[in-house]
Every structure is written in structure tokens, then in C-alpha cells.
Amino acid sequence: MLLYEILMVAMAAIRANVLRSVLTTLGIIIGVAAVITMVSLGEGAQQRVQAQIQRMGTNVLTIRPGQEMFGGVARGDTRLSVEDAEALRSGSDGLITVAPELQSRLQVTYSRWNANTTILGTWPEYFSMYNHTLLAGRFFNWGEVQGRRRVAVLGANVPANLGQETDTTALLGQTIQIRGVPFEVIGILAIKGDAAFMRPDDQVFIPQSTAQYRVFGGRDRMGSIYASTTGPEQMDEAYAVIDRIMRRQHRIEPGAAADYNVRNSTDLLETFNETAQTFTMLLAGIAGISLLVGGIGIMNIMLVSVTERTREIGVRKALGATRRAIMYQFLIESLSLCILGGLLGVAAGIGGATLLTRLQQWDTAISASAIIMALAFSAGVGLFFGIWPAQRAARLDPIVALRYE
């Protein structure tokens with residue numbers, strides 16, 4: 001019953017000075033709101049990138065050219081060739097699915113429309129590797145790769161870029177020109193969305209051999225070679241197989257530095273998450289300074305409150321109130337102010353994150369752990385900065401307090 005009475009007295013003291021209480025908790029409100037908003041932005045960014053990498057494929061290894069060194073001096077990127085891709089396909093005993101790619105931004109025209117977009121030459125396995133689905137038509141096949149056929153599969157946004165906004169399948173069976181070379185459109189992809197640093201909806205896919213000899217002028221350097229496994233449990237074995245075959249292809253001795261890089265999309269996700277968490281914690285730490293400033297403000301106002309209520313404290317002690325009861329009264333008052341400010345800050349933070357999503361189209365994700373952490377920290381601030389004023393009130397001599405004017 002005593003605890004209940006102490007709580008009621010503390011609430012009455014807060015209600016007696018509503019404006020002062022709100023202004024006192026302003027630092028806590030701003031700090032908690034900033035923490036919630038910053039963490040929500042960080043969580044939203046992580047979830048967006050994770051979804052993009054999931055669309056890109058989590059079992060895909062990317063082989064990219066490294067730096068060619070001579071006498072300790074870099075001579076530029078090494079060369080990845082179609083022969084490397086063919087050696088990986090034939091030498092892996094079916095463990096990995098392989099697809100090389102070479103790409104460049106070129107002018108695509110249809111009738112009186114034109115667009116500058118990415119032309120990507122690859123093998124048919126590329127589409128299953130990245131889980132592409134068709135809106136209409138079909139993918140090109142191995143016969144068309146071997147025959148250097150001029151066929152194209154369009155990303156979902158390409159028809160609209162070529163004047164077909166109302167009917168995206170209208171280009172199926174039509175002829176477009178890539179760098180002046182006519183191509184028959186045999187397929188149109190369904191919407192994929194951005195996948196990490198790739199934008200498949202804005203790409204035009206053609207057979208690798210056609211791209212190499214008919215469009216890119218015989219360029220024999222592949223930009224990348226993609227290799228996928230059927231499951232994540234095979235990734236380590238795939239790494240070893242790729243390393244063995246690529247070293248043999250490039251005549252690199254065991255133990256020597258490789259002139260190529262093998263990356264996993266999961267590694268990219270982990271790297272981004274680590275970076276995002278670092279920035280999120282940095283921003284949240286800066287926002288946490290507001291909590292400390294707010295705590296100092298609460299300690300200041302509680303000291304003022306002790307001074308204003310010196311006679312009241314003297315009367316309570318004269319009527320039998322113990323030091324512990326007086327200390328609990330001011331501690332609960334300080335804690336209540338911080339918790340109230342924390343709750344208002346949580347509401348403001350959620351509102352701010354929602355507003356950013358609606359107005360700026362930023363991805364945000366409200367984190368329950370961030371809310372709990374912010375409330376716990378604000379309560380800790382209330383306890384920490386309320387102890388000194390509470391102890392000062394509890395130690396007042398009742399006779400001196402009753403004589404205070």
C-alpha cells in the first residue's frame with residue numbers, strides 16, 4: 001500500500017507542473033524517437049538488400065577477373081574466356097551449372113523508338129540460375145548459341161522503353177535492332193525487380209556467341225562467369241572445384257596467388273549487413289546523446305523540485321515518513337518522467353519511420369528490440385539521474401526543512 005501511495009504522490013507532483021514535465025522530457029522524447037527512426041531505416045535497408053540478393057540467387061558463385069601482376073606491378077584485369085566457362089562446365093562432373101556473360105550498354109531501336117540499355121550475352125543456363133520466369137515466349141537454347149542466332153529475350157521494362165506501354169507482349173515475334181543488327185524477339189521476362197547491383201528488368205539477353213561475334217566485334221573477354229549449385233551445402237566443394245579448374249586453365253601453380261576472384265552472394269549480404277549495422281549503431285549512438293542530455297535536464301529539474309518542496313519533505317518526515325520512502329518518492333517521479341518521455345519518443349519514432357516510408361518511399365522496419373532497448377535505456381537514465389536528487393531529499397533534516405522559507 002505504501003508503494004501505491006508513493007506512486008500517487010509522484011504522479012500528483014508531475015500533474016501539478018504538466019508543462020514543465022513535458023519540457024523536461026523533451027530530450028528523452030527526441031533521443032528515443034531518433035533511435036527508433038535510425039534503427040528502423042537500418043533494418044529496412046538490410047531487409048531490402050537481403051530480398052534483392054535472394055532474388056539474385058544465394059547459391060550462385062561469381063568468378064571475376066583479378067589483377068594481372070608482373071614484377072609486383074599491376075598490368076590490369078586478367079582475361080576470363082569462354083574456354084574457362086567450358087572447362088568449368090565439362091570438368092565439374094555436373095556439380096555446378098555455368099553461364100558466362102559479357103555485357104555493354106548499347107542503343108536498341110524499334111520502329112521510331114529507341115532506348116539505351118544493357119545488352120547481356122550469356123548461355124541458356126543463366127535464366128534458371130537466377131530464377132527468371134517468362135511473361136510470354138521462350139528462352140533461347142543451345143542450338144541458337146552454337147548457331148550465333150540473332151534472337152533476344154527482353155527484360156520486363158524494355159517493351160515500355162520501346163513504346164509498348166499498353167501491351168508489353170506486342171514485341172513478341174517482332175524485330176528490334178541492337179547496334180544496327182536485327183534481332184527477333186522470342187521472349188519477354190516477367191517482372192524481377194532489382195537484384196543487388198543488377199537490373200534484369202532493363203536488360204536485353206542474347207546468346208553469348210551472337211553477342212561476342214555479331215554485336216561486340218569479336219571481343220573475347222568475359223565480364224564474369226557465374227556458377228551455381230543445387231544447394232548451399234555444396235558451396236565449399238564448388239569453391240574447391242572452381243579453384244582447381246581455373247588454376248589449370250590459367251597455369252597457376254598451387255599456393256600461388258590467383259588471378260581471379262570467386263565471390264558468393266551470401267558474402268556480399270554479410271558485408272553489407274556489417275556495414276549497415278555499423279552505420280546504424282553510429283547514428284543510434286549519436287541519437288543516444290540526446291538521452292543523456294535529457295537525463296541531465298531531468299536531474300536539474302528534480303533538484304529544483306527538491307528545493308521547492310523542502311517544507312513538504314519536512315512535514316512528511318515529521319509525520320513519520322522514512323528516508324527510504326522519501327527517496328522512493330523522488331526516484332519514482334524521475335523514473336516516471338523518463339518512461340513517459342520514452343513512450344512518447346517511441347510513438348514519435350514509429351510515426352517518423354512511417355512518414356519516411358510514405359513520403360520518401362524509403363524502406364523501414366520497426367524493430368521490437370530497438371523499442372525495448374530505447375525504453376530500457378530511458379528508464380536507466382531516469383534512475384541514474386534521479387538518485388542524487390532523491391538522496392538529497394531523503395537526507396534533509398526535518399527541523400531544517402520545516403524552517404525553510
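Throughout, read-outs are computed from the coordinates displayed, never taken from laboratory work. On a predicted model such as this, the values are computed, not experimentally measured, just so you know. So basically every Cβ, Gly included, is an ideal-geometry build from the backbone, and we count neighbours across all protein chains shown.
Where nothing but the Cβ of Lys and Arg (+1) and of Asp and Glu (-1) is charged, how large is the charge dipole of the chain around its Cα centre, in debye to the nearest 20?
Dipole of the chain, to the nearest 20 debye: 1060 debye.
Sorting check: for 242-252, 152-162, 219-229, which peptide has the highest mean count of neighbouring beta carbons within 10 Å, and how do the rest follow?
Listed from highest to lowest mean packing, they are 152-162, 219-229, 242-252.
Which far-off residues, 5 or more places away or on another chain, put their amide H under 5 Å from the one on Q174, with H placed in the peptide plane?
V185
Determine ³J(HN,Hα), in whole Hz, for all residues of the stretch 148-163 in sequence, where each value follows from phi through the Karplus function 6.51 cos²θ - 1.76 cosθ + 1.60 and θ = phi - 60°; x replaces Gly and Pro.
Result, rounded to whole Hz: 6, 6, 8, 10, 9, 10, 9, x, 4, 8, 5, x, 5, 5, 9, x.
Quick check on the stretch 100-228: of the DSSP beta bridges with both residues there, what percent are antiparallel, nearest 5%?
75 percent
Under the Karplus relation 6.51 cos²θ - 1.76 cosθ + 1.60, θ = phi - 60°, what is the ordered set of whole-Hz ³J(HN,Hα) values for the stretch 354-360, x standing for Gly and Pro?
Rounded to whole hertz, the list is 5, 5, 5, 5, 7, 8, 9.
Using each residue's phi in the stretch 93-103, evaluate 6.51 cos²θ - 1.76 cosθ + 1.60 at θ = phi - 60° and report the 3J(HN,Hα) Karplus result to the nearest Hz, with x for Gly and Pro.
With the stated coefficients, the stretch 93-103 comes to 6, x, 5, 10, 9, 10, 8, x, 8, 9, 9 Hz.
What order do you get for 377-385, 29-37, 165-173, 15-23 when each peptide is scored by the mean count of other beta carbon atoms within 10 Å, highest first?
Descending packing order for the listed peptides: 29-37, 377-385, 165-173, 15-23.
Please work out which option in (i) 93, 47, 38; (ii) 82, 55, 33; (iii) 105, 57, 39 gives Cα extents along the principal axes in Å calculated from these coordinates, and answer with its label.
Looking at Cα extents along the principal axes in Å for this model, the match is (iii).
Long-range amide H contacts for L102: which residues qualify at under 5 Å (H placed 1.01 Å from N, peptide plane, sequence gap of 5 or more or a different chain)?
Result for L102 returns G121, G223.
For the stretch 100-228, what is the convex hull (Cα atoms) projected area averaged across all directions, in square nanometres?
7.1 nm²
Over the stretch 317-384, what relative contact order in percent results from Cα pairs under 8 Å that are six or more residues apart?
Relative contact order comes out at 48 percent.
Please give the charge dipole size of the stretch 100-228, origin at the Cα centre, charges +1 on K and R Cβ atoms and -1 on D and E Cβ atoms. Round to the nearest 20 debye.
420 debye
Counting other Cβ atoms within 10 Å, which trypsin sites (Lys or Arg not before Pro) in the stretch 74-124 have at most 10 and lie in a DSSP loop?
R112
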